[in-house]
1. Given Cβ point charges of +1 (Lys, Arg) and -1 (Asp, Glu) and nothing else, what value in debye, to the nearest 20, does the dipole of the chain about its Cα centre take?
2. How long, wide and thick is the chain, going by the Cα atoms along their three principal axes, in whole angstroms, largest first?
3. Once a ≥ b ≥ c are taken as the square roots of the eigenvalues of the Cα gyration tensor of segment 92-170, is the result rounded (a/c under 1.5), prolate (a/b larger than b/c) or oblate (a/b not larger than b/c)?
4. In degrees between 0 and 90, to the nearest 10, how far off the longest principal axis of the chain does helix 2-20 point, with axes built from Cα atoms?
5. Put +1 on the Cβ of each Lys and Arg and -1 on the Cβ of each Asp and Glu in the chain; which of LEU125, ALA165, ALA20 then has its Cα farthest toward the positive end of the dipole?
6. Return the subset of LYS67/LYS114; LYS56/LYS145; LYS29/LYS51; LYS43/LYS83; LYS56/LYS102 for which the Cα-Cα distance in this structure is over 25 Å, preserving the input order.
7. Given the peptides 48-61, 84-97, arrange them by the average over their residues of other C-beta atoms within 10 Å, most packed first.
8. For the chain, find the longest principal axis of its Cα atoms and tell me its angle to the long axis of helix 38-48, 0 to 90°, nearest 10.
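None of the figures in this text is laboratory data; all of them are computed from the coordinates on show. Please read all numbers here as calculations on a predicted model, not as lab measurements. Positions of Cβ are generated from backbone atoms using ideal geometry, with glycine treated the same way; all protein chains shown enter the neighbour counts.
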Amino acid sequence: MVICTILAFFSLFSKSMAAARERTFIMVKPDGVQRGLVGKIIKKFEAKGFKLVAMKFMWASEDHLKKHYSDLSARPFFPGLVKYMASGPVVPMVWEGLNVVKTGRQMLGATDPKDSAPGTIRGDLCIQVGRNIIHGSDSVESAQKEIDLWFEPKEVIAWRPAAEAWVYED
Ligand code: IDP
Ligand code: MG
């Protein structure tokens, strides 16, 4: 009985800890970098309580971006999208936390800024769909693919923020 209770406790604990380790791939696009919005965007994710586990500053190649957006390769805007994304440096990041994929998308706002709610990153900071300043994974599966495309495993850092116990109740 005692052992069962202990096991149940640990299984609940590990479930909630596993959920809190969900990861998403977020990237400030070239227009976000050029417009000096990197800090503002990072601040929103930090202030929410999500944990930064990987980040770099790089100028991505068209080949790399074609892989990143391979699902959209048949769309008429694909060539323009690749050119835009390769037009300057970007800031790819991995953020971790409970429901971070879905919440991250909500924080970004709708793809087309004319439909993004005020208060969201796109709703507040940009105007047109072809210059919408930020990328965020749309599912846990695509997040994993994107993280693997942009980061080596050793570039994703496991660490425990001092404030963690004040962000999560268990
Ligand atoms: P998402 O970035 O919100 O996930 P997706 O549909 O995956 O939106 O499209 C990827 C990116 O392609 C968008 O963020 C935007 O930069 C660009 N895009 C999407 N639709 C259009 C369009 O109709 N015209 C120009 N660019 C577009
Ligand atoms: Mg998308």
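1. Working: 23 positive and 19 negative charges, 74 e Å.
Roughly 360 debye for the chain.
2. 63, 32, 26
3. Working: a/c = 2.42, a/b = 1.45, b/c = 1.67.
Here segment 92-170 falls in the oblate category.
4. Here the helix axis deviates by roughly 10 degrees.
5. Most positive-ward Cα: LEU125.
6. Values: LYS67/LYS114 27 Å; LYS56/LYS145 17 Å; LYS29/LYS51 20 Å; LYS43/LYS83 28 Å; LYS56/LYS102 23 Å.
Beyond 25 Å: LYS67/LYS114; LYS43/LYS83.
7. On the way: 48-61: 16.1, 84-97: 20.1.
Packing order, densest peptide first, comes out as 84-97, 48-61.
8. 20
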